[in-house]
Amino acid sequence: MQHRNPLTWLTDRALGNIGRWVVIGLWLVAAGLLSGVAPKLANYYNDKATSSIGTPESVQASAIVAKAFPHQQGLPAIIVVSNPSGLTTADQHVATQIACWLLTDAQRAANAACAGLTYPDPRPADAGPVVSLVNIPQAKNQLVSTDGTTQTIIVALNLPQSDSLAIQKDIKAIRAYTDSLAGPSLAVKVTGPSGILADLVNIFAGADVKLLLTTVLLVLVLLAVIYRSPLLALLPIIGVGWVLAIVNGILGFAAKAQLFPIGQQPTSIMDVLLFGAGTDYTIFIVARLREELRHQPDRHVALQTTMRSVGEAITSSAGTVILGLLTLVLTVLGLYSSLGLVLAIAVAVMLLAGLTLVPAILSVLGNAAFWPFIPRVQTATERAAEAAKPESGFWGAIARFVVRNPVAAIIGSLVLLGALALGNLGIRPDFNSLSDLRNPTPSTDGYKILAKHFAPGTLAPFNVVIHWR
């Protein structure tokens, strides 16, 4: 009994007269349904995917504190009020205005400093405990710099770090209010863990769009130059667009069900990876199909032959990548664990598209896919002449050298790769999260003011947890 290769069975079915339309229809329905009914992934981003680091002492200590002091949790925002010439009475009034705005109605009523003050906007709903000169004057040494130029107000947001979108919304509201009180000589900046997280979310949100547009443009230009066909240049874009809609839907359901935490960073990387993988698989298929069309007049047979050979190649390539990505699940750092799962799922769906959707679209387009440079079938004389002629050009010369001198090629490759790897010797680990913010942001501006006017550790000391069992 003859056993058929599963890949051959799959690709042959996808290329049938009816099968190709069924495949395109199924992908279209899946993308449409998941885009319409799946939870929006951005609403369920969980930054535990980037902050979790297994169970070291710091994580254990945080768990003990959260259990013992459940009402003292929250991610702090630090509001920096600074005047390089020294805080004036008017500047101190601004600090009082901000502190009173952040207090609850009951706290304002009980504090004489807040009497008579009005507030155009309500305090953020998630604002928690406030540490300021208004309600804790005995903390002056910790809240006011020794040179009298800078004063801080600390407010804890009653939100988990994983709820980055809600934190971003609260920080935006706080900044809208504090910015209205700043003056020519008075800087009012919101920094601290909440402020930094909000700026990181803003940067990644903007970077996603720029990165996606740049990638699409680069793919279009490269494929247009390589194949000189507008339809072939658009093919990977169409395929990846379909896959993105489906993968985002799958991840949206997974995030809502809390199957595993998904952060914004892995999904940003996923977009670029999918375009890389999708373009790679498409180039494999198109290049092989172009060769077949020069020998086979029946384009359907040519496409079947192409997929029977290329299908195994792209499956092996994708399988290796998927297995490599899944090893990241074993890491203790949440960022890499989440990254491995997200990217493995994305590559698996892209592989399925490469084996079914891409060849089905090529089958429907036919020779028009290569317009205006449609391959023609070579004559027997042309094939014989081509076989007798050695491969010319740069890549032909490289191929001949490697075949004739395999040992030299291996040694040369190792030397070249080793030289390129020498740059790793200059890498120095950087544990400063602000280094991710290359351009100035309100949080980096505020942090620079704090670093200039407060001693190290004053605002963010180490906490030692002693737990009796």
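The values are calculated or read from the model by the stated rules, or taken from the named source; none is laboratory data. Bear in mind the structure is a predicted one, so any value in this text is a computation, not a measurement. No Cβ is skipped: glycine too gets one built from the backbone with ideal geometry, and neighbour counts run over all protein chains shown.
Kindly list the number of the only condition in (1) crowded, with 19+ Cβ neighbours inside 10 Å; (2) touching a helix residue (DSSP H, G or I) at 6+ places or on another chain (Cβ under 7 Å); (3) closer than 30 Å to V201 by Cβ that fails for C114.
Just one mismatch for C114, condition (3).
Output the residues belonging to segment 316-337 that are buried (at least 17 other Cβ atoms within 10 Å of the Cβ) and more than 14 Å from F260 (Cα to Cα).
Restricting attention to segment 316-337, the residues satisfying the condition of being buried (at least 17 other Cβ atoms within 10 Å of the Cβ) are 317-318, 321-322, 325, 328, 334-337.
Across segment 316-337, the qualifying residues are S317, A318, V321, I322, L325.
Of all the residues that make up segment 117-161, how many are farther than 24 Å from A455 by Cβ and touching a Phe, Trp or Tyr at 6+ places or on another chain (Cβ under 7 Å)?
3
Being surrounded by 18 or more Cβ atoms within 10 Å (Cβ to Cβ), at pLDDT 90 or above and in contact with a Ser or Thr (Cβ under 6 Å, 6 or more places away or on another chain): is that true of I171 here?
For I171, the condition - surrounded by 18 or more Cβ atoms within 10 Å (Cβ to Cβ), at pLDDT 90 or above and in contact with a Ser or Thr (Cβ under 6 Å, 6 or more places away or on another chain) - is met.
Can you find a residue that is at pLDDT below 85, closer than 30 Å to T150 by Cα, touching a Leu at 6+ places or on another chain (Cβ under 7 Å) and surrounded by 10 or more Cβ atoms within 10 Å (Cβ to Cβ) anywhere in segment 369-377? Before you say what the answer is, go through the steps one by one.
We begin by selecting, within segment 369-377, every residue at pLDDT below 85; these are 369-377.
Within this subset, residues satisfying the condition of being closer than 30 Å to T150 by Cα are none.
Within segment 369-377 (the criterion being at pLDDT below 85, closer than 30 Å to T150 by Cα, touching a Leu at 6+ places or on another chain (Cβ under 7 Å) and surrounded by 10 or more Cβ atoms within 10 Å (Cβ to Cβ)), the answer is no, since none of the residues qualifies.
Hey, could you check segment 202-233 for residues that are under 26 Å from I449 (Cα atoms) and of a type in the set (A, V, I, L, M, F, W, C) and say which is surrounded by the fewest Cβ atoms within 10 Å (Cβ to Cβ)?
The qualifying residue surrounded by the fewest Cβ atoms within 10 Å (Cβ to Cβ) is I203.
Any idea which of (1) in contact with a strand residue (DSSP E or B) (Cβ under 8 Å, 6 or more places away or on another chain); (2) surrounded by fewer than 16 Cβ atoms within 10 Å (Cβ to Cβ) is the one I153 doesn't satisfy?
Exception for I153: condition (2).
Given the residues A125, A156, A173, A139, which is the only one that is assigned to a helix (DSSP H, G or I) and within 30 Å of Y45 (Cα to Cα)? Steps first, answer last, please.
Working: A125 fails: assigned to a helix (DSSP H, G or I); A156 fails: assigned to a helix (DSSP H, G or I); A139 fails: within 30 Å of Y45 (Cα to Cα).
The match here is A173.
If only one of L181, L217, L273 is touching a residue at least 60 places away in the same chain (Cβ under 8 Å) and outside the structural domain of A368 (by TED's automatic domain parsing), which one is it? Let's see the steps before the verdict.
Values: L217 fails: touching a residue at least 60 places away in the same chain (Cβ under 8 Å); L273 fails: outside the structural domain of A368 (by TED's automatic domain parsing).
When all the criteria are applied, what remains is L181.
So for segment 160-171 (the condition being closer than 17 Å to A99 by Cα and touching a residue at least 12 places away in the same chain (Cβ under 8 Å)), does at least one residue qualify? Even if it seems obvious, please write down each step before you answer.
Here is the first cut: in segment 160-171, the ones closer than 17 Å to A99 by Cα are 170-171.
Okay, now just the ones that are also touching a residue at least 12 places away in the same chain (Cβ under 8 Å), so 170-171.
Yes - at least one qualifying residue is present in segment 160-171.
From the list V358, V364, exactly one residue is under 41 Å from the mean Cα position of the chain (by Cα), assigned to a helix (DSSP H, G or I) and either closer than 20 Å to P297 by Cβ or modelled with pLDDT under 75 (or both). Which is it?
Numbers: V358 fails: either closer than 20 Å to P297 by Cβ or modelled with pLDDT under 75 (or both).
That would be V364, the only listed residue that is under 41 Å from the mean Cα position of the chain (by Cα), assigned to a helix (DSSP H, G or I) and either closer than 20 Å to P297 by Cβ or modelled with pLDDT under 75 (or both).
Out of G249, G319, G311, report the one residue that is among the small types (G, A, S), under 18 Å from the mean Cα position of the chain (by Cα) and modelled with pLDDT of 85 or more.
Values: G319 fails: under 18 Å from the mean Cα position of the chain (by Cα); G311 fails: under 18 Å from the mean Cα position of the chain (by Cα).
After applying the criteria, what remains is G249.
Could you say which residue among T279, T306 is part of a helix (DSSP H, G or I), touching a residue at least 60 places away in the same chain (Cβ under 8 Å), closer than 12 Å to V358 by Cβ and of a type in the set (S, T, Y)? Walk me through it before giving the result.
Details: T306 fails: touching a residue at least 60 places away in the same chain (Cβ under 8 Å).
Residue meeting the stated conditions: T279.
Mind checking which residues of segment 174-201 are more than 17 Å from A127 (Cβ to Cβ), surrounded by 23 or more Cβ atoms within 10 Å (Cβ to Cβ) and β-branched (V, I, T)?
I196
Test each condition in (1) in a helix (DSSP H, G or I); (2) under 20 Å from the mean Cα position of the chain (by Cα); (3) buried (at least 17 other Cβ atoms within 10 Å of the Cβ) for P236 and report the one that comes out false.
(2)
Yes/no matrix, rows are residues, columns are (1) assigned by TED's automatic domain parsing to the domain that holds L251; (2) surrounded by 13 or more Cβ atoms within 10 Å (Cβ to Cβ); (3) under 22 Å from L355 (Cα atoms); (4) modelled with pLDDT under 85:
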site: N17; (1), (2), (3), (4): yes, no, yes, no
site: L26; (1), (2), (3), (4): yes, yes, yes, no
site: N46; (1), (2), (3), (4): yes, yes, no, yes
site: S58; (1), (2), (3), (4): no, no, no, yes
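Look at segment 293-303 and say how many of its residues are free of Cβ contacts under 8 Å to residues at least 40 places away in the same chain and surrounded by 20 or more Cβ atoms within 10 Å (Cβ to Cβ). Please lay out each step first, then the result.
Narrowing segment 293-303 to residues free of Cβ contacts under 8 Å to residues at least 40 places away in the same chain: 298, 301-302.
Filter once more, keeping what is surrounded by 20 or more Cβ atoms within 10 Å (Cβ to Cβ): 302.
Residues in segment 293-303 being free of Cβ contacts under 8 Å to residues at least 40 places away in the same chain and surrounded by 20 or more Cβ atoms within 10 Å (Cβ to Cβ): 1 in total.
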